Every structure is written in C-alpha cells, then in structure tokens.
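The values are calculated or read from the model by the stated rules, or taken from the named source; none is laboratory data. Bear in mind that the values here come from a model prediction, so they are computed numbers and not experimental data. Heads up, the Cβs are rebuilt from the backbone with ideal geometry, glycines too, and the neighbour counts pull from every protein chain shown.
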Amino acid sequence: EDLYGVNRWGAGYFSIGENGNIQVSPNHRKPEVGIDMAEVLAEMKAEGIQFPAVIRFHDILRSQVEILNETFRDTIAEAEYEGQYIGVYPIKVNQMREVVEEILDAGEPYNYGLEAGSKPELMAVMAYNDNPDALTILNGYKDEDYLTMALLGRQLQRKMIVVIEKFSELEMLMRLAKKYNVEPMIGLRSKMMVKSTGKWSSSSGDRAKFGLSIAEIVNAIDYLKQHDMLHCAKLLHFHIGSQLSDIRKIKEAVIEGARLYAKLHQMGVPLEYLDIGGGLGIDYDGSSSTTDSSRNYSTEEYVADIVYSVKQICDLEKVPHPNLVSESGRVITAHHSMVVTNVVGEVSVTGTEFDISPEDGEHVLVTNMRELVNAPEMHPQERYNDAAAYKQSTYEAFKLGILTIVEMAKIDTMYWQILTDIEQSLDEDTRQIQELDDIGNRLASQYLANFSIFQSAADTWAIGQLLPIVPLQRLNEEPNIRCSIADITCDSDGKIGKYIEHNQISENIPMHRLKKDEEYTIGMFLTGAYQDVMGDMHNLFGRLTEVHIFSHDEEPGAFYIEEIVPGHSAEKVLEAMQYNTDYMAKVVKKSIDREIRQGKIPPREGVRWTDFYERCLAGTTYLSSGN
Ligand code: PLP
C-alpha cells in the first residue's frame, strides 16, 4: 500500500523497494535499474557529509530533457507537422551551473537552448549557450545594457531573441540596433485573454505584468515597418502561468496563440517561431487532477494538444507551421533533487509524564478533570465538551491566582490523556463529528527536522506549495505516530502543514516513533524546480551541502558521488550580512585573553575556547550531528 504516494508522484523515478527503502531509477531508458537510497545515505555518511543536504540525480535531469524533446519529435513526425521543436530551458527555475551544464549537455542532440529573464541570467546564458543552432530567449524587463548584450550575442552568431515585454523596449532596441549596426532577432510577447487557474494565474489577462496588448502588437508591427525592421520579428511569445493543472486551459491558450500567429503572418510579419512559454505541470500530490499541486494530463497529451492544435489552425488559415518553442523549467528540474535531513527531536503535547494522584484539599477543577479521566463510558462528544470547559475554567482560575502551578500541571496532563482516550475510542459514526475528528490533528507530535523551510522549500512557506515528504527508513514497518514537521528556525511559520497520505492531503503524517541512538531521516522530494534556488537565509541558515549522484552504466544499481559542493559556513552567511569574521574572531579572542590575564580562565582552556569559536565560524549553519 502506497501510504506516502511514492509511486504516484515518483513518475517512475522513485519507488519503495522490497527491503523497505526508497529506490531511485534515474534513467528513463532503464526503469528497472534502481539505486537504493539507503546506500546513497551510507556513502554520504562515509564521506562525512552532514545533514541537511541536497541530493541531485543528474541522470533524472538528462532523462527529463530527453523525454520532453523526444515526445515533441515523435509527435511532430506522427502529425506530419512541418515545423520543428526547438525548446529552451528557463534558467530562473534552477540556475545552478551544474544543473544548466547537464541540461545543455543532454539537450545538445536536440539543439536545446536557454532562456534568461534578467541581466545576470543573460550573462550566464551568454557564456554557456554557444550552440549556434540553439535558441536563446530573452524575457523580463530590459535596460540598455541588457539589450546591448543581446546585440553582442547576435554579433557572435547566436540565435538570441529579444522578447519585447513592453513597447518602450522596442524603441530602445531600435535605437541601439542602429547605433551598433546589428540586426536583432525580435520576439513579441502577447498578453493572453485566456484566464488560467492555480497559484500562478495572474500571468495572463489584461492586468498581466508582462506582454503587449493586441493594439500594442499592431502598433509594434507598424513601428518595425517604419524602421525597415519588420523582417527581424521572428517569434510570438506567450506564457499564461506555471504549474498549469488543467489541460483545457493549455489548449485554449495554444488556440489563442496560434490564431494570433496566423493573423500576424497574414499581415506580412515573417514569424518563424511560436513560443508557448512554460506551464507544463508536475503531479506533486500524485492525484492526476486539477488541484494546484497536480495536473490532469500527461506530457504526451500536452505535446499532442499543442502540435495538433497549432497544425489545425495554421492549415485552416493557410500559413506555414511555425517552429515550436517551449520554456519548460519545472518539468525538467523538479524530480532531480531532494533534501535529506535528520529529525532532531519531538515536540509532543501528550508526552510529559506527571503525577496526577489526588491530594487533600485539591481544587474542585482537578477533581472534576480526574473524574473525566475515569469515565470512558461517556459519549465522546459529552466527555470532550466537559474537558474543554474545565480547561477553559482552569485558565481563568489560574489568571485569578486561584490554582497552584502543580494543580495546573495536573489538569493539563489529564486533559491530554482524555483527548488521547477519546481519539482512540472514535468509531465511524463519531468521526463524522468534525470537532472530534480534529482531535487527531491536535494530538499529533511535531518532529523537529534539521533544515529551514525558508531556505529549502520557499514556496511551501510562501504559497502553500505541497512537496512530498517520506521517511527514508523503516518503510516496511507500520508507522506508529502521527506528526507534522517543524524546522529549526526561530519562526512559528517554519512548519509544513500539508502532507500526502494515501490519496489525500493531511495536516500531519504517519511516521515512526523515534528510537534512542537511531538516526531518523526524512526526504523532501521534488525540490529541483525553484525551491533549490529561491530560498533565503532567514535566521542565517545558509545553502545546503550538495551531493551530485550519477548512476554507473556497467553495474545495475551502482552509482557514484561525482561532486560534493560544500554548504555555506556560518562565516559565509555572516559575511553576506556585512560582518567581518576575522574582526569578530579577534574581538572574542581579546575578551578570552583578558579573562586569562585576570586568572579567570586557565591559558590552555582559553586557547581551546578561541579555537572553538573559530571552528564554529568555519562550520555548518545547521545543527551539527557530530560527524
Ligand atoms: N517562461 C516564462 C516567461 C516564465 O515566467 C516561466 C515561469 O513562470 C517559465 C517560462 C517557466 O515555467 P515552468 O516552470 O512552469 O515550466
């Protein structure tokens, strides 16, 4: 039984093996060959890598690039579509150099290119995408330097297309093109009428942040004509939002975009490319539905809808089939990386033992609560109502100074005992009562995990994005505790509030009770798109150590760690905040020396304290597991 939904969101890359460990099959051409996660963790331990860490499966990146490109190729051939697919990877989704290099390498046979949305991203793609047959698409708001850089790209024979997001960019580009005497390749981004749904739906509609209205597009054409540059207009672009969950919206957008392409072509605009942006979704919750965290279509269906819709409209309108460009980022990167970390403790409302035995002269509230403890025969609703009322009265009484602190502690302990008892006694009927059914959530423990949600799962905190979480051991053992995951930041928002459990989303998740002296590790999956790079340093928790894994072709299931990228040290994050850590170490040393001089710290001990401070500066920002 797939409690954590691994087989559903795993997309063939992740499954649970017979030994109860997560298996990773990173190569889509060899789905039967699995890497045992436990072996990966063991090797990381042997290398002295501390938690939390990011694990990247480079073969998954390569697989996703191949799947997307080959699906387009095959569908284009099958549909007798006359254009080609020439995709680009938008580096904002994950700008890590190793990720970009891997994608370009895997994409070379398909002339797969890059997309940039800002000046620094453009500088990166300028250096990395030097395939003259691949596209470089330039989105985002632009200044003179950005546009001049694009003209430099043209001088270097790159197919660098400047997508005009607002009219003034076109005017600036014309001026610079004349100044440098370079012909640009121009794309026009259209504000789309289709209204998409989901967390990123504001990317389309009249009030979208980017793109030209229909009137502005027509004006842009006139403007290009006046400047004798209409032949530079090569591409029509649209993007209606990321993580599109409903295939019907995608189809609607493609029909709108294809119709616009056709009409522009008929007006004499020599467009060669139709760029459908990003949006191809990921089934994070494994439900294959239109929830915000899922998609109700396959990649094959997505591609077929695009190819066949564009073909049909172009044939009807009697215009050539354009080359198809897409800017999929999420689907290329999401599966390839995960965060692994250790649980460092448990916060439990029921876990404290306290002697509740009666005492002479105790307050009647204590006696009343004890009677409820010993009344399992009561109807659960009635018992719960009474317990809740006593708890409220207890609080009032404590504020008035009527109850002692020991009486408070007894009442609190008994209250949670009663709730535990009620929860265990619920049957199908009584579970229908929302208040009683919710008791389970209130009794759930919090497992403290050694990571920061702000650094490693920014969208989970910001927009409630769901990411699958699974314990990485004991998966063939029945879980015996319900808990939620809290991070180690000093922030009450540092919690995960949504989990996959069977076919639904729960507020907490079944896990295993922690054992003394046994490390309990969890994995947060599908973090490769956006989460890997969008995190911040709240509480000064820095970037994680990264482990890059490649599978071995010769031996089934074999892998090797190709690279370890150390995470940020405390020193590094402090320096990013303008601290001078040499100065800090000197100040602390000076204070220690003063205590030594005054005879309060023995000299040898003083040296140890100085070393300790310096070692911590060079060390991890996360909780150290003493490796
Ligand atoms: N292209 C543009 C213009 C975008 O704004 C985005 C992200 O929202 C993308 C591509 C990538 O989209 P996705 O990650 O959904 O593939």
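Conditions (1) under 27 Å from Ala449 (Cβ atoms); (2) of a type in the set (Val, Ile, Thr); (3) under 35 Å from the mean Cα position of the chain (by Cα), marked per residue:
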{"position": "Tyr579", "(1), (2), (3)": "no, no, yes"}
{"position": "Ile592", "(1), (2), (3)": "no, yes, no"}
{"position": "Arg597", "(1), (2), (3)": "no, no, no"}
{"position": "Glu605", "(1), (2), (3)": "no, no, no"}
{"position": "Trp609", "(1), (2), (3)": "no, no, no"}
{"position": "Thr621", "(1), (2), (3)": "yes, yes, yes"}
{"position": "Ser624", "(1), (2), (3)": "yes, no, yes"}
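Put simply, of Val303, Val307, Val319 the only residue that is over 22 Å from Leu467 (Cβ atoms) and within 16 Å of the ligand (Cβ to nearest atom) is Val303.
Would you confirm whether any residue within segment 404-412 is buried (at least 17 other Cβ atoms within 10 Å of the Cβ) and of a type in the set (Lys, Arg)? Yes, there is a match, as at least one residue in segment 404-412 is buried (at least 17 other Cβ atoms within 10 Å of the Cβ) and of a type in the set (Lys, Arg). Checking each residue in segment 529-564 for being modelled with pLDDT of 95 or more, part of a loop (DSSP other than H, G, I, E, B) and farther than 22 Å from Val343 by Cα picks out Ala529, Tyr530. Are any residues in segment 270-314 closer than 21 Å to Pro90 by Cα, in contact with a Pro (Cβ under 8 Å, 6 or more places away or on another chain) and either assigned to a helix (DSSP H, G or I) or of a type in the set (D, E, K, R) (or both), and if so, which ones? Correct list: Glu272 only. Against the conditions (1) within 16 Å of the ligand (Cβ to nearest atom); (2) over 21 Å from Gly542 (Cβ atoms), Glu78 satisfies every one except (1).
Pairs meeting the criteria (first residue in segment 230-244 and in contact (Cβ under 8 Å) with a residue 40 or more places away in the chain and farther than 11 Å from Met185 by Cα, second residue assigned to a strand (DSSP E or B) and away from the ligand (no atom under 13 Å from the Cβ), beta carbons under 7 Å, at least 6 apart or on different chains) are Leu236/Leu188; Leu236/Leu274; His237/Leu188.
Suppose the filter is within 16 Å of the ligand (Cβ to nearest atom) and surrounded by 18 or more Cβ atoms within 10 Å (Cβ to Cβ); does Leu224 pass it? So Leu224 fails the test.
For the criterion of being crowded, with 16+ Cβ neighbours inside 10 Å, assigned by TED's automatic domain parsing to the domain that holds Met524, within 30 Å of Ser624 (Cβ to Cβ) and among the hydroxyl-bearing types (Ser, Thr, Tyr), Tyr390 fails. You will find that of Thr352, Thr367, the residue that is surrounded by fewer than 21 Cβ atoms within 10 Å (Cβ to Cβ), farther than 30 Å from Phe525 by Cβ and within 36 Å of the chain's Cα centre (by Cα) is Thr352 and no other.
Of everything in segment 274-293 that is surrounded by 23 or more Cβ atoms within 10 Å (Cβ to Cβ) and either among the aromatic types (Phe, Trp, Tyr) or farther than 23 Å from Gln84 by Cβ (or both), the residue that is farthest from the ligand (Cβ to nearest atom) is Asp285. Within segment 159-176, restricting attention to residues that are more than 20 Å from Leu236 (Cβ to Cβ) and surrounded by 15 or more Cβ atoms within 10 Å (Cβ to Cβ), the residue that is nearest to the chain's Cα centre (by Cα) is Met172. Taking (1) closer than 20 Å to Tyr622 by Cα; (2) within 16 Å of the ligand (Cβ to nearest atom) in turn, Tyr530 satisfies each apart from (1). Taking the conditions (1) without any contact (Cβ under 8 Å) to a residue 40 or more places away in the chain; (2) buried (at least 21 other Cβ atoms within 10 Å of the Cβ) in turn, Ile509 satisfies each one other than (1). Within the bounds of segment 326-346, is there any residue that is assigned to a strand (DSSP E or B), small (Gly, Ala, Ser) and more than 16 Å from the ligand (Cβ to nearest atom)? Checking segment 326-346: at least one residue is assigned to a strand (DSSP E or B), small (Gly, Ala, Ser) and more than 16 Å from the ligand (Cβ to nearest atom).
Considering only residues in segment 444-462 that are part of a loop (DSSP other than H, G, I, E, B) and of a type outside the set (Phe, Trp, Tyr), the one that is nearest to the chain's Cα centre (by Cα) turns out to be Ala457.
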